[in-house]
1. Residues that are more than 19 Å from N39 (Cα to Cα) and hydrophobic (A, V, I, L, M, F, W, C): list the strands (runs of 3 or more DSSP E) wholly contained in the range 58-166 that include at least 3 such residues.
2. Tell me which of these V83 doesn't satisfy, since it passes every other one: (1) farther than 21 Å from R174 by Cβ; (2) surrounded by fewer than 16 Cβ atoms within 10 Å (Cβ to Cβ); (3) among the aliphatic types (A, V, I, L, M).
3. Taking the stated definitions as given, is S43 surrounded by 15 or more Cβ atoms within 10 Å (Cβ to Cβ) and not hydrophobic (A, V, I, L, M, F, W, C)?
4. So in the range 63-92, with the set limited to residues that are among the small types (G, A, S) and modelled with pLDDT of 95 or more, which one is nearest to the chain's Cα centre (by Cα)?
5. Hey, I106 hits all of (1) crowded, with 17+ Cβ neighbours inside 10 Å; (2) out of contact with any strand residue (DSSP E or B) (no Cβ under 8 Å at 6 or more places or on another chain); (3) closer than 27 Å to E173 by Cα but one; which does it fall short on?
6. Which of (1) buried (at least 18 other Cβ atoms within 10 Å of the Cβ); (2) modelled with pLDDT of 95 or more does A115 not meet, given it meets every other one?
7. Against the condition of a type in the set (G, A, S), closer than 19 Å to M151 by Cβ, under 18 Å from the mean Cα position of the chain (by Cα) and surrounded by fewer than 18 Cβ atoms within 10 Å (Cβ to Cβ), how does S36 come out, does it pass?
8. Among the residues of the range 125-178 satisfying the criterion of being among the acidic types (D, E), surrounded by 15 or more Cβ atoms within 10 Å (Cβ to Cβ) and within 30 Å of D6 (Cβ to Cβ), which is farthest from the chain's Cα centre (by Cα)?
Amino acid sequence: MVSLVDRRLWIRRRESTLAELRSHVEAGRVDEDIISLLNVINSLSYAFTTSSCSGRIQIYAASEPGDKFGIRTLGKWHSPITVGDLTRTLEDGADSIWLAVLPPIIHVATCGVEAAFHLLDLLRSAGFKRAGIISASEDGITLEAIGTERMEAPLRLSGVDVLREDAIPLIVERANSLLIRSKGRIRRLEEVLVSEAAGSLDNLCWE
C-alpha cells in the first residue's frame, strides 16, 4: 500500500517546525508549563508538535462568549488566580465581561496513519478523551487533543455585574480547580510519553 505521507515532506516540515518552536521558546512565547511535554513528544521518532497551549484562565470583554473579533482580554493566567485578580478586571468599564477556563490543546503531526492511531491510544490513556485526527496530507497526519476542563461564565452583562460579592470566591475556587486539574492531565500525558520514548518504537513510519 502506498503511504499517504511523503517522507521527505514530513521530515522537512518537522525540521522547520521544531526550529520555529526553539525560537519561540527562546523568546518566551511558549507556555512554560508545557515545554517539558513538548520536548518529550518531539523526542518521538514518529511525531512532532505543531502548536499547543497548556490551559489558562482568561477574563475578557466581549458582547458574547467566543466572539473572536470583538474580544478584549482583561487578564490571562496560566496559574491559579486570586479574588483580587478577578475584582481588578471588573474595574474596567466594559459593558459585558466573561470569565473562561480554557483547557490544554495540543496539535501533533505524525508520519502516518499507524503512528497517528498509536499516539491517539496514548493520548486517550492519559485522559485526553477528546482527541482525534483533524487533517491528513502529504506532510503529515495531524492530531488534536483537547482537555475537558472548560468553563465560561458571565461576570457582567449589559453593564450589570451579575455576581454577588460573596459568590466571587466561589467562582475563583472553581476556576482554579479546573485549571489545576488540566495541568495534572498534562503531567500524566508526559509520564505516559516518557515511557513511550524509552521504548524506541522506530517502525511506525517507514521501513
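The values are calculated or read from the model by the stated rules, or taken from the named source; none is laboratory data. None of the values given here were measured: they were computed from a predicted structure. Cβ coordinates were reconstructed from backbone atoms using ideal geometry, including for glycine residues, and neighbour counts include every protein chain displayed.
1. Numbers: elements: 72-77, 97-102, 105-110, 130-137, 140-146, 151-157.
Hits in the range 58-166: 97-102, 130-137, 151-157.
2. (1)
3. Values: surrounded by 15 or more Cβ atoms within 10 Å (Cβ to Cβ): no; not hydrophobic (A, V, I, L, M, F, W, C): yes.
Judged against the criteria, S43 is not a match.
4. Here is the first cut: in the range 63-92, the residues among the small types (G, A, S) are 63, 66, 70, 75, 79, 84.
Next, only the ones that are modelled with pLDDT of 95 or more stay: 75, 79, 84.
Numbers: G75: 18, S79: 14, G84: 26 Å.
This residue is S79.
5. So I106 meets the others, but not (2).
6. Tallying (1) buried (at least 18 other Cβ atoms within 10 Å of the Cβ); (2) modelled with pLDDT of 95 or more, A115 fails exactly one: (2).
7. Values: of a type in the set (G, A, S): yes; closer than 19 Å to M151 by Cβ: no; under 18 Å from the mean Cα position of the chain (by Cα): yes; surrounded by fewer than 18 Cβ atoms within 10 Å (Cβ to Cβ): yes.
It is false that S36 is of a type in the set (G, A, S), closer than 19 Å to M151 by Cβ, under 18 Å from the mean Cα position of the chain (by Cα) and surrounded by fewer than 18 Cβ atoms within 10 Å (Cβ to Cβ).
8. Filtering the range 125-178 down to residues among the acidic types (D, E) leaves 138-139, 144, 149, 152, 161, 165-166, 173.
In the following step, the residues that additionally are surrounded by 15 or more Cβ atoms within 10 Å (Cβ to Cβ) were identified as 139, 144, 149.
Keeping just the survivors that are within 30 Å of D6 (Cβ to Cβ) gives 139, 144.
Working: D139: 22, E144: 9 Å.
Selected residue: D139.
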